[in-house]
1. May I ask you to compute the full-extension gain from His179 to Glu262, defined as 0.36 nm times their residue separation minus their alpha-carbon distance, rounded to one decimal in nm?
2. Measure nothing but the geometry: give the 0 to 90° angle between the long axis through the Cα atoms of 410-422 and the longest principal axis through the Cα atoms of the chain, rounded to 10°.
3. List the GluC sites (Glu not before Pro) within the stretch 45-144 that DSSP assigns to loop and that have no more than 10 neighbouring Cβ atoms inside 10 Å.
4. What order do you get for 352-359, 242-249 when each peptide is scored by the mean count of other beta carbon atoms within 10 Å, highest first?
5. Please give the charge dipole size of the chain, origin at the Cα centre, charges +1 on K and R Cβ atoms and -1 on D and E Cβ atoms. Round to the nearest 20 debye.
6. Report, please, the projected area of the stretch 60-269 averaged over directions, based on the convex hull of its C-alpha atoms, in nm².
7. Could you tell me the center-to-center distance, by alpha carbons, between the stretch 121-191 and the stretch 361-382 in angstrom?
8. Between the stretch 246-318 and the stretch 218-235, what is the separation of their alpha carbon centroids in Å?
Amino acid sequence: MSTLNAGHLDVCDLPAIMRTNYELTRMMGALKVSKEILKPHLEIQGQRSLSGEINISGAKNSALVLMTASLLTREALVIRNVPKLTDVEGMSNILLAMGVRLDRKLDEIEIQADKIQHIELPYELVHGLRASFFCIGPLLGRLGRARIPLPGGCRIGARPVVEHIRGLKALGAIVNVEHGVVTASVPGSQRRLKGADVILDCPSVGATETILMASVLAEGVSTIENAAQEPEVQDLAKMLNSMGARITGAGGPKITIEGVDELHGCEYKVMPDRIEAGTFLIAAAITRSIIRVSPVIPEHLSAVLQKLRDCGCSLQIENEAINLIPGQITGVDITTQPFPGFPTDLQAPFMALLATANGTSVVTEKIYENRLQHVAELQRMGASIRVQGNTALIEGVPELSAAPIKGSDLRSAAAMVLASLAARGTSKLEGLNHLDRGYEEIEVKLNKLGACIRRN
Ligand code: UD1
């Protein structure tokens, strides 16, 4: 028998069974390495000038909530301008699991919830898609029952749903949270919610949308005070009104809902995605390029447009399009706020721009407790940023340099795309599972403008 010398191990010295194990381990090691290399990523060539017009998709956050509103009627709903995103796929799977009929053709989804077979959402589908919790409002409104796992926290913060639950209880629902599952039901033979006045502690977008969807079929009048004023809330109210609901005041701090007996189907076009539009305007500024974004509703981006002007860009605003003409970028201070303030979802992308500005900027994140994760990645690209609590102090640098980087949530991944477009060299960006949740074919759109991004 051969003597094994750990220092000079020759595989031929091993007995057959051990040899197989040895080969297997070696193969597994190689597989692990190649899996690392093969992890989906973008290779982004930096410092290319961009030009042309970029087409903005339908709003992700609108589309998701509109899809759940289909549960409010047995008639068919046709939603147009729905972006192709993994979050939309996730929501489609949730509706399908409930027994709802769903048919997607290009950017159009037809949903018919004539039969809802399951009012209990499976955890595997809900996990990772916070918007899944939106189903609770329509299910309670139409059927008087729902069982939904808590969406849980996420990397950017804890994201509780206490306001949603408080609102549903005010409308007469009995709600219990046990073992991570929210069980809600409406007492009485009719299982119908009753109109109520709800005052939110904070203007939560999700809570406003949940209470809105729950109250449209309630008996009597409801009001939501301190409501979220985000455009997505207005989009939802607009579609619900096309379905026969009676909602006034959406887009302002007080919404009034006069309950109706039933809703009908309709055709509705999702509004343009203001966050995607903002991201591409920042892409123009960070690459010092002239870009036109369209379609866009400029009023949805007022706070962002003002900051772009403040840091040296010129903007030409038309009805449904914005042209950005970059200038010398100088530092500005930003504090995220509920709408109409500066949106938290564009904080990370804007910080990438400020990392390349002349002078100092202070960025304060007021909505989420843990939304500065992009800072470490920007630092790896040469950015000079110091963080104290929820504030980042950014000293602009003349140039960022390419690096292997990772997006750890949707908007930080977008920020890293922008930083890579501006950096010297070719960056490798991982974390595409986050990016693909909210940006439809981002590399295809940017490549049309002259970027050089390859998906591997
Ligand atoms: C929505 C958007 C998200 C955006 C956010 C703020 C969707 C699918 N997502 O998320 O992209 O970043 O609005 O514009 O539309 N809060 C409470 N208690 C609650 C509910 C919320 O304290 O019961 C707090 C949250 O922790 C957070 C803040 O309110 O700090 C804003 O959250 P909310 O407006 O509810 O955000 P979402 O609807 O989850």
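The values are calculated or read from the model by the stated rules, or taken from the named source; none is laboratory data. From a predicted model like this one, the values you see are computed outputs, not experimental measurements. Here the Cβ positions follow ideal geometry from the backbone for every residue, glycine too, while neighbour counts run over all protein chains shown. Side chains are part of the model used for accessible areas, which takes the heavy atoms of the whole protein and leaves out ligands, DNA and RNA. Shrake-Rupley method; radii C 1.70, N 1.55, O 1.52, S 1.80 Å.
1. Contour length minus the Cα-Cα distance gives 26.5 nm.
2. Rounded to the nearest ten degrees, it is 50.
3. Working: sites: Glu53, Glu75, Glu89, Glu108, Glu110, Glu120, Glu124; in loops: Glu75.
Taking the stretch 45-144 and a limit of 10 other Cβ atoms within 10 Å, no loop GluC sites (Glu not before Pro) are found.
4. Working: 352-359: 24.0, 242-249: 17.1.
For the peptides 352-359, 242-249, the packing ranking is 352-359, 242-249.
5. For the chain, the charge dipole is close to 500 debye.
6. Working: hull surface 40.4 nm².
For the stretch 60-269, averaging the hull's shadow over all directions gives 10.1 nm².
7. 31 Å
8. 18 Å
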